[in-house]
Amino acid sequence: MCPPLARREPRGHDLLTLGGNAVIVASGLTKRYGDRVAVDDVSFTVRPGRVTGFLGPNGAGKSTTMRMVIGLDRPTAGTVTVDGARYADSPAPLRAVGALLEARALHPGRTARAHLRWLAASNGIPAARVEEVLGLVGLEAVAGQRVGRFSLGMGQRLGIAAALLGDPPVVVLDEPVNGLDPEGIRWVRSLARDLAAEGRTVLVSSHLMAEMALTADHLVVVGRGRVLADCATADFIAQHAASFVRVRTPRPGALADLLRRSGAQVTRDGDELRVQGADTVAVGELAAGAGLVLHELGLVRSSLEDAFMTLTAGSVEYAARPAEVTR
Ligand SMILES: Nc1ncnc2c1ncn2[C@@H]1O[C@H](COP(=O)(O)OP(=O)(O)OP(=O)(O)O)[C@@H](O)[C@H]1O
């Protein structure tokens, strides 16, 4: 379901059909810090075999939600389970869920290889897997360098290597493209898609609509801690970034009737009509055929970024204020 929706409980049907698969189910998830509600009654399901984008502006509650998914934060109310169990109850967490979270604590004096070997050893993962993931993320050449000297992008790659170490069926990546160059961004995109194609459950957060449109099959859009939309990316695009014909005429009622009879969808605002299902040529010819005068006729395209801004308007925590005009 795509339209803005305040609450969506996981349906019994979801739970039955997904039983046995590695799936994330959040139900009424809430997190308060004092008076501040960071996550407010959030419910969603992340299914295997596709990339689910967790999209929202800064401060929307994405990181807090992801931290609750992997048991780093305790919900004030509600539950979140991975494959039917709380992550904290997993006997081998790195093998159950691989996570990249922001501000990952790294020992700056340790090399990338030593960091991964330490993680592998403490999770019962063979050391040979360390070399595999170093290759997978393209860090072999710098594996012997101290991570304190890593760039933001190299740190992100190391974090992704750690997330993949346990070959987990569920992968949670919080803003994985932060600090990456265009090649790195493309790499994360195809990695996420490959992981999903292998049948894994992949949840990726971002505040970048355009990036999510290219990466995610499904979107959960959040703003100020609430779910604003939960739908297939294609449906979100079709619904929110649609183009329409804008036409102004002194006889909007007559033109609207004509257009509707021809099968178009029309909404009216004063003397302006917004038309979908007919292009500018069809609208112009229909009007001319009926002798109707037009004052304006054009195609309006709203970008996906516009759609996202509109949907999340009012839920942006730190919006830039227009500069004051000085005379
Ligand atoms: N430990 C904390 N103590 C108090 N408030 C917090 C804490 N962690 C998060 N918050 C607040 O909760 C809200 C949600 O933050 P969160 O980091 O989850 O958002 P986000 O969508 O991940 O944003 P960003 O992209 O900026 O990281 C924000 O208002 C934030 O200031």
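Dividing the mean sequence gap of close Cα pairs (under 8 Å, 6+ apart) by how many residues the chain holds gives a relative contact order of 22 percent. Projecting the Cα atoms of GLY270, LEU228, ASN178 onto the dipole axis of the range 124-270, where Lys and Arg carry +1 and Asp and Glu carry -1 at the beta carbon, places GLY270 farthest toward the positive end. For helix 252-261, what angle does its Cα long axis make with the longest principal axis of the chain, in degrees from 0 to 90 and rounded to 10? Roughly 70 degrees between the two axes.
Averaged per residue, what accessible area in Å² does the range 243-301 show with a 1.4 Å probe, protein chains only?
Dividing the accessible area of the range 243-301 by its residue count gives 58 Å².
Take the alpha carbon gyration tensor of the range 243-301, find the square roots of its eigenvalues, order them as a ≥ b ≥ c, and report rounded if a/c is under 1.5; if not, report prolate when a/b exceeds b/c, else oblate. Taking the square roots of the gyration eigenvalues as a ≥ b ≥ c, the range 243-301 is rounded.
Divided by 2.2 N^0.38 Å, where N counts the residues, the Cα radius of gyration of the range 66-183 comes to 1.07.
Taking the average, over residues, of other Cβ atoms within 10 Å as the packing measure, peptides 114-121, 29-36 rank 114-121, 29-36 from highest down. Close amide H pairs (under 5 Å, H built 1.01 Å from N) link LEU100 with VAL172, LEU173, ASP174, residues at least 5 positions away or on another chain. Helix 280-289 and the longest principal axis of the Cα set of the chain meet at an angle near 10°. The calculated FRET efficiency for ARG251 paired with SER303, based on their beta-carbon distance and R0 = 41 Å, is about 0.80. Less than 5 angstrom separates the built amide H of ALA232 from those of LEU219, all sequence-distant by 5 or more or on a different chain. When peptides 171-179, 261-269 are sorted by average Cβ neighbour count within 10 Å, with the highest value leading, the order is 171-179, 261-269. Coupling constants for the range 176-183 follow from the phi torsions by the Karplus curve (6.51 cos²θ - 1.76 cosθ + 1.60, θ = phi - 60°), and in residue order they are x, 8, 4, x, 8, 7, x, 5 Hz; glycine and proline get x.
Seen against the Cα atoms of the chain and their longest principal axis, helix 112-122 is set at about 70 degrees. With all protein chains in place and a 1.4 Å probe, the accessible surface of the range 243-301 carries 46 percent carbon and sulfur. Here the range 123-173 has 53 percent of its accessible surface on carbon and sulfur atoms, given a 1.4 Å probe and all protein chains in place.
Taking label positions 7 Å along the Cα-Cβ direction at both ARG149 and ARG260, the computed distance is 7.2 nm, reported to one decimal.
The values are calculated or read from the model by the stated rules, or taken from the named source; none is laboratory data. The structure presented is a predicted model; accordingly, all values stated were derived computationally and were not measured. A quick note on method: Cβ atoms are made from the backbone with ideal geometry, for glycine too, and the neighbour counts reach across all protein chains shown. With ligands, DNA and RNA removed, areas are computed over all heavy atoms of the protein, side chains included. Shrake-Rupley method; radii C 1.70, N 1.55, O 1.52, S 1.80 Å.
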